[in-house]
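Trainee: This is the structure I want to talk about, given as C-alpha cells.
The values are calculated or read from the model by the stated rules, or taken from the named source; none is laboratory data. Because the structure is a prediction, the values reported are computed rather than measured. Heads up, the Cβs are rebuilt from the backbone with ideal geometry, glycines too, and the neighbour counts pull from every protein chain shown. Accessible surface areas use protein heavy atoms only, side chains included; no ligands, DNA or RNA. Shrake-Rupley method; radii C 1.70, N 1.55, O 1.52, S 1.80 Å.
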Amino acid sequence: MKKVLYRNQLSKFLGVNLIAAMLFSVSLFSQSENADPAKGKQIFNQNCASCHSLDRKGTGPALRNVESRLEEEGLDREWIYAWVKNSSGVIKSGDSYANKIFAEYNNTAMTAFPTLSNEDIDNILAYTSAVEEKPASAASVPVTGGGEAGSNSGVSNEIILGALALVFALLVAMLFMVNKTLRNIAKANGIDVERERAEKRIPIWKAFVQNQFLVLVSVVFLLLTSAYFVYGYFMQVGIDQGYEPVQPIHFSHKVHAGDNKVDCKYCHSSARVSKTSGIPSLNICMNCHKSIYEYKGNPEGPSQSDIENGYTNEFYTKEIKKLYAAVGWDEENQKYTGESKPVEWVRIHNLPDFVYFNHSQHVSVAGVECQTCHGPIEEMEVVSQHAPLTMGWCINCHRETNVKMEGNAYYDKIHEELSKKYGVEKLTAAMQGGLECGKCHY
C-alpha cells in the first residue's frame, strides 16, 4: 500500500485557509454591523447628494441597496472602496462593470473621494441599505393650538355676547318704562306733550339754513375733508406697498432663503456689481434641481399653517415639475430636450424711470442688507413689496443711516474733512451729499 506523504500538510493548509476566510467574513460582518446609518446620511448629504439620490437616477445611478446590486454583479465591498476613492483608476484598470457605468453616464467619471475612510463608506452603505421611512401624510399631522382650545374660545365668546345682548335688552326696557312713567305724570298734570312739541318743531333743513355759522363751518369742513382725501389719493399713485402678485411658478423664499439658508446673492448675483439685482436664469435653479426632483420638507412634516394654505410637499413638487417643463429637462434620461418655454415672471418692485437706484452701491459699498428694503424676505412664502419706496422713505434712510467707513480707504480723507465740518465722528449719507437731487434723479 502506497503511503501519502503530504496528506497532513494539505490538511493543515486547508484548515488555515478556512480559518482565514472565516475571520475575514467575521471582520466584514462586524464592519457592516457597526456601521451607523445616521452618520452615513450626513456624509451622503455632504458628498453624494449633489449627483445621487436613493430612489431615482440623477447625474449618477440611484443608490438604494447598491451593495446588494453590486453583489449580483460579483463585486464586493473592496471594489466599492476602490471605486469611491478613485473611480478613474478603476475604469483605467479595464474593469468591465466600471467601464459599463462610465459609458452609460455619458463618459463622466465620478468625483474621487480619497479622504473618505472605509468606515465612512460603510456608514454610507448602511444608510443606502436602511428601510425607507415613509413621510408623515398631511392628514396625520397633529393639530396644535386649535381643536378644543378653539371650540372653548367660541363658547366663551357666545356667552359674553349673550350677556351683553341681555343687558342691552334690559336697558331698552328700562328706558321704555321711564318714558311711559313721565308721559303719565305729564298727562296727570294736564300737559299735552305732543301738542307743544308740534308747535315748537321746525324742519331740520330750515334750522340749518337759518344758522349761518353752522353753514359756514359745514362748508369749510367739507372742503378740508375733500382736499385731504384728494391729496391722499394722488400721493398713493405709483406706490405699491403690499403688492403681492401670483407668479407663474411658485418660488418660496421661505423654503430657499429661510429653511435652506441659500444666500440671496447666489441667485441675485448681479446685485453685487450692477444697478439691478437681476432675475436669475432657470439654469441657476437647475444647479440644485437636477438632483432635487421632489420636495420632502421638514422631517416632521408640513406645519398646520402650511397645510391650511395648501403648501404641502406635493404642491412644491408640482412646482418643480413646472420648472422642468420650462427648461425642457427630461427627468428619465437626465438631459435637456431643447424644448424650453420662457417664464413670464411678474415684476414686484418697480421705480419710476426718472429715479436712479444702484444695487451694487448699496449692497457692496454700503453693506446694506437685503432685508432693509425688502423686509424679512426669508420668511415670505409669497414675496410682496415691503417698503413704500417713496422719495421721503429713501431720504429718511439717508438721513439716519451711518456710512460704514471702516476698512475702506476711499473714505479716509472724506471722513477727516467732514468730521471737522460737522463736528461728529459718525457720518450719514446725507452729510456726504445723499440729499442732492442729482444723486437719484437724472
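Trainee: What are the ³J(HN,Hα) values, in whole Hz, obtained from phi via the Karplus relation 6.51 cos²θ - 1.76 cosθ + 1.60 with θ = phi - 60°, for each residue of the range 248-262 in sequence order, with x given for Gly and Pro?
Mentor: With coefficients 6.51, -1.76 and 1.60, one gets x, 10, 6, 10, 8, 5, 4, 6, 7, 7, x, 5, 9, 6, 6 Hz.
Trainee: Under 28 Å Cα to Cα from Lys426, which lysines show up? Leave out anything in the same chain fewer than 8 places away.
Mentor: Here the lysines satisfying the reach criterion relative to Lys426 are Lys275, Lys404, Lys413, Lys439.
Trainee: For the residue pair Gln334 and Arg347, what label-to-label distance in nm results when each label sits 7 Å from Cα along the Cα-to-beta-carbon direction?
Mentor: 4.0
Trainee: Heavy-atom accessible area of Val237 with all protein chains present, probe 1.4 Å, nearest 10 Å²?
Mentor: Approximately 90 Å² for this residue.
Trainee: Another question about this same structure. Do any chymotrypsin sites (Phe, Trp or Tyr not before Pro) in the range 257-346 lie in a DSSP loop with no more than 13 other beta carbon atoms within 10 Å, and if so, which?
Mentor: Here the chymotrypsin sites (Phe, Trp or Tyr not before Pro) that fit, given the DSSP loop and packing criteria, are Trp345.
Trainee: Enter the accessible area per residue of the range 299-413 (Å², integer; probe 1.4 Å; all protein chains in place).
Mentor: Averaged over the residues of the range 299-413, the accessible area is 64 Å².
Trainee: Using a 1.4 Å probe over the heavy atoms of the protein chains, calculate the carbon and sulfur portion of the accessible area of the range 302-413 as a whole percent. Could you put the intermediate results ahead of the total?
Mentor: Working: 3760 of 7080 Å².
Here it works out to 53 percent.
Trainee: Also, quick follow-up: Would you work out if the range 215-288 is rounded, prolate or oblate? Take a ≥ b ≥ c from the square roots of the eigenvalues of the alpha-carbon gyration tensor; rounded if a/c is under 1.5, else prolate when a/b is larger than b/c, oblate otherwise. Write out the running numbers ahead of the final one.
Mentor: On the way: a/c = 4.46, a/b = 3.34, b/c = 1.34.
The shape class here is prolate.
Trainee: Modelled label-to-label distance, Leu164 and Asn184, 7 Å Cα→beta-carbon offset: nm?
Mentor: So the two model labels end up 3.4 nm from each other.
Trainee: So, one more: With a sphere of radius 12 Å drawn around the Cβ of Gly310, what net charge do the other residues whose Cβ falls strictly inside it have (Lys, Arg +1; Asp, Glu -1)?
Mentor: Working: positive: Lys318; negative: Asp306, Glu308, Glu314, Glu319, Glu381.
Taking every other residue near Gly310 into account, the sum is -4.
Trainee: If you don't mind, another one. What FRET efficiency do you get for Tyr228 and Lys322 if R0 is 60 Å and r is their Cβ-Cβ distance, rounded to the nearest 0.05?
Mentor: 0.80
Trainee: Between Thr115 and Glu314, take the C-beta separation as r, use R0 = 56 Å, and let me know the FRET efficiency to the nearest 0.05.
Mentor: 0.90
Trainee: For the range 32-110, what is the convex hull (Cα atoms) projected area averaged across all directions, in square nanometres? List each step's numbers first, then the result.
Mentor: Details: hull surface 21.7 nm².
Its average projected convex-hull area is 5.4 nm².
Trainee: Between the range 235-249 and the range 395-410, how far is it from one alpha carbon centroid to the other, in angstrom?
Mentor: One Cα centre to the other: 30 Å.
Trainee: State the extension gain, in nm to one decimal, for the chain segment bounded by Asn157 and Asn283, taking 0.36 nm per residue of separation less the distance between their alpha-carbons.
Mentor: Working: separation 126, 0.36 × 126 = 45.36 nm, distance 5.40 nm.
Result for the pair: 40.0 nm of gain on full extension.
Trainee: Using a 1.4 Å probe and ignoring any ligands, DNA or RNA, find the accessible area of Lys100 and quote it in Å² to the nearest 10.
Mentor: Near enough 110 Å² of accessible area.
Trainee: 7 Å from Cα along Cα→Cβ at both Glu78 and Ala130: what's the point-to-point distance in nm?
Mentor: 3.0
Trainee: Per-residue accessible area for Thr401 at 1.4 Å probe radius, Å² rounded to 10?
Mentor: 60
Trainee: Provide the three semi-axes, in whole Å and in decreasing order, of the ellipsoid equivalent to the range 338-394 as defined by the square roots of 5 times the Cα gyration tensor eigenvalues.
Mentor: Rounded to whole Å, the semi-axes are 24, 16, 14.
Trainee: Just to make sure I understand: if all protein chains stay in place, what is the order of Met110, Met286, Met174, Met380 by accessible area at 1.4 Å, largest first? List each step's numbers first, then the result.
Mentor: On the way: Met110 50, Met286 0, Met174 115, Met380 25 Å².
Accessible-area ranking of Met110, Met286, Met174, Met380, largest first: Met174, Met110, Met380, Met286.
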